[in-house]
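Have a look at the structure below before the remarks.
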Ligand SMILES: Cc1cc2nc3c(=O)[nH]c(=O)nc-3n(C[C@H](O)[C@H](O)[C@H](O)COP(=O)(O)OP(=O)(O)OC[C@H]3O[C@@H](n4cnc5c(N)ncnc54)[C@H](O)[C@@H]3O)c2cc1C
Ligand code: SF4
């Protein structure tokens, strides 16, 4: 028997690229997603425009989906989950549960691309009041309004006059045990700040940050643009409390550059929530018996030299399942994992042929 069939779990940017890669290399591939549509979090969370070039998320993901649709080597399954795994690669027995019931398949290699979930700011109710105050929203809530082209103060439906972003919500936070930087939220907040200034030109926009982490081209394409062209106000500060005074949200904290307390009334407060491993990522680590690294994402064994190989032979990981990742990281890892999975299958088939 040839060792050929590759299973890709998760049809977000990482999984779509992984499946396209294995398919293009000529390996029969099954791509499953538990949701009813592919495209991952950019689609399910309703992102508007993507950093840094403001391309429509719908359009970008449609292009990725198009590349796997009607591909001779790729079998697409939505609404499908993995419920059991036994054996070891290249002869792994996997049970899928989909719309047509359960099915058992034998695969030679798997790529886990089950992604991340947004931090739930309700876990820090004492600071941010996300579930208490209508005008405290998240980056994801803001994306939905920006996508509809109508950015308003949720409690009144009126255009806001003053909006702020609070960075690092659920990231870089020792108290809740999320030690990592989520990598994308500085860029995404800055992108949203630009979009708000474009949609509501009279609105003043503030970003409260510990330090702005804009890497690569995001520095000039987003951060400088936001400051210089769009007049967004970036304030180094620590927010300690978000409360209500009358019907206005008040942000309290310290301006750490000036070394003085701050208290500013806002029409809308946007929490820059970070990334945590998704439930599916944790489930896959259990089913495939792959250790998690110290932050709770799927552990890889090659450090910077190999970002996709896990300690379980034949099982690879791509995208935000392995840690905070932007689209470039996720798609690059998708391609790398495809190459590794194909090489694994090829080598196992050669060993089999040599053994006669
Ligand atoms: C608010 C916000 C805005 C962002 N905007 C940008 C941006 O503008 N530009 C940028 O570069 N990056 C952005 N990102 C980051 C970007 O969303 C991620 O880099 C990207 O989505 C990661 O892709 P992924 O495929 O690894 O995971 P995901 O997009 O999370 O996809 C994972 C897929 O796996 C599926 N899945 C999960 N569990 C299972 C299971 N058990 N079985 C089957 N399928 C499963 C899910 O349904 C999902 O389709 C943003 C992130 C945040 C938090
Ligand atoms: S990217 Fe920015 S907002 Fe997000 S965790 Fe890192 S420093 Fe904080």
Practice task
Please report how far the C-alpha centroid of region 251-266 lies from that of region 180-246, rounded to the nearest whole angstrom.
Solution key: 16 Å
Fill in the blank from the handout: Taking Cα atoms only, helix 13-24 is inclined relative to the longest principal axis of the chain by an angle, in degrees rounded to 10, of 30 degrees
Exercise for the section: Give the whole-number value, in cubic angstrom per residue, of the convex hull volume spanned by the C-alpha atoms of region 120-274. Expected result: 107 Å³
Problem - Residue-averaged [θ]222 nm for the chain, counting only DSSP H segments that reach four residues, each worth -39500 (n - 2.57) - result: -8000 deg cm²/dmol
Problem - Between 0 and 90°, nearest 10: helix 327-354 axis offset from the chain longest Cα axis - result: 10 degrees
Handout entry: Crossing angle, helix 185-199 versus the chain [Cα axis fit, 0-90 degrees, rounded to tens]
Key = 50 degrees
Completion exercise
Under Stokes-Einstein, the chain at 20 °C and 1.002 mPa s, with its Kirkwood radius over C-alpha pairs, diffuses with a coefficient in µm²/s of 100 µm²/s
Completion exercise
For the chain, averaging the sequence separation of alpha carbon pairs under 8 Å that lie six or more residues apart and dividing by its residue count, the contact order in percent is 22 percent
Completion exercise
Check: C-alpha center region 100-134 vs C-alpha center region 60-99, spacing in Å is 19 Å
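Every read-out reported here was derived from the displayed coordinates using simple, explicitly stated rules and does not represent laboratory data. These numbers come from a predicted model, not from an experiment.
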